[in-house]
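Notes for the one structure printed next.
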Amino acid sequence: MYDRIGFMASIADTPSASKPSVVPGDLGWHLAMVLRGYQTRFEDTVSDLPGGIRGYQVLSTVVHRNPPNQLALASHLGIDRTVMTYLLDTLVKAGLVERIPDPSDRRARKVVPTTKGEGCLADFEQRMAAVERQFLSGLSEREASELESTMHRLAMIVHREQPGASPCEAMDNLP
């Protein structure tokens, strides 16, 4: 088996006095590998949900974050407005969400979950919790908790610095 630069994995993973333990630039590769592994499991888990990962993210955001309108929802998730419209059409057709007039601006639409959508999300959250436990099973409980906490803080820093950044785009463009 070979690692990312062509070395045999068994050789590359062997500690060496001359090999630096941290190489500048490797953080990106490490993050991409973790994201790739997580994305694969996430896609498999939500494959039967309309819209897949994006459908899950929309449904979760609508239920847990209660964005004021469709535009705010698209902005929060970094999804293009046109793509969001088609994605919402799919979720509406499946009976998971509905669009209602925004109480503060009748020209805008607020996306709200249906009872079916809330139940569906609860089911998928249980599935995702099991997948995430399995994904992090190589870490101790403390390490897994610290990783999740650190990743949350880093994500919020990036989100504040780049509010329009698209996590969907990042996942779509992994090497």
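Annotations for the structure displayed:
- Exactly one residue out of 12, 32 is modelled with pLDDT under 85, among the hydrophobic types (A, V, I, L, M, F, W, C) and surrounded by 10 or more Cβ atoms within 10 Å (Cβ to Cβ): that is 12.
- For segment 90-100, the count of residues that are hydrophobic (A, V, I, L, M, F, W, C) and farther than 18 Å from residue 67 by Cβ is nonzero.
- Conditions (1) surrounded by 11 or more Cβ atoms within 10 Å (Cβ to Cβ); (2) at pLDDT below 90; (3) not in a helix (DSSP H, G or I); number of the one not met by residue 49: (2)
- Single residue of 65, 54 found to be open to solvent by 80 Å² or more (accessible area, probe 1.4 Å), in contact with a helix residue (DSSP H, G or I) (Cβ under 8 Å, 6 or more places away or on another chain) and within 26 Å of residue 130 (Cα to Cα): 65
- Count of segment 134-151 residues, restricted to those that are assigned to a helix (DSSP H, G or I) and either loosely packed, with under 11 Cβ neighbours inside 10 Å or under 15 Å from the mean Cα position of the chain (by Cα) (or both), is 8.
- Residues (part of a helix (DSSP H, G or I), without any contact (Cβ under 8 Å) to a residue 12 or more places away in the chain and loosely packed, with under 15 Cβ neighbours inside 10 Å) located in segment 86-133: 86, 89, 115, 119, 122, 123, 126, 129, 130, 133
The values are calculated or read from the model by the stated rules, or taken from the named source; none is laboratory data. For clarity, every value in this text was computed on a predicted model and none was experimentally measured. We place every Cβ from the backbone using ideal geometry, glycine too, and count neighbours over all the protein chains shown. Areas reflect the complete protein model, heavy atoms only, side chains present, ligands, DNA and RNA absent. Shrake-Rupley method; radii C 1.70, N 1.55, O 1.52, S 1.80 Å.
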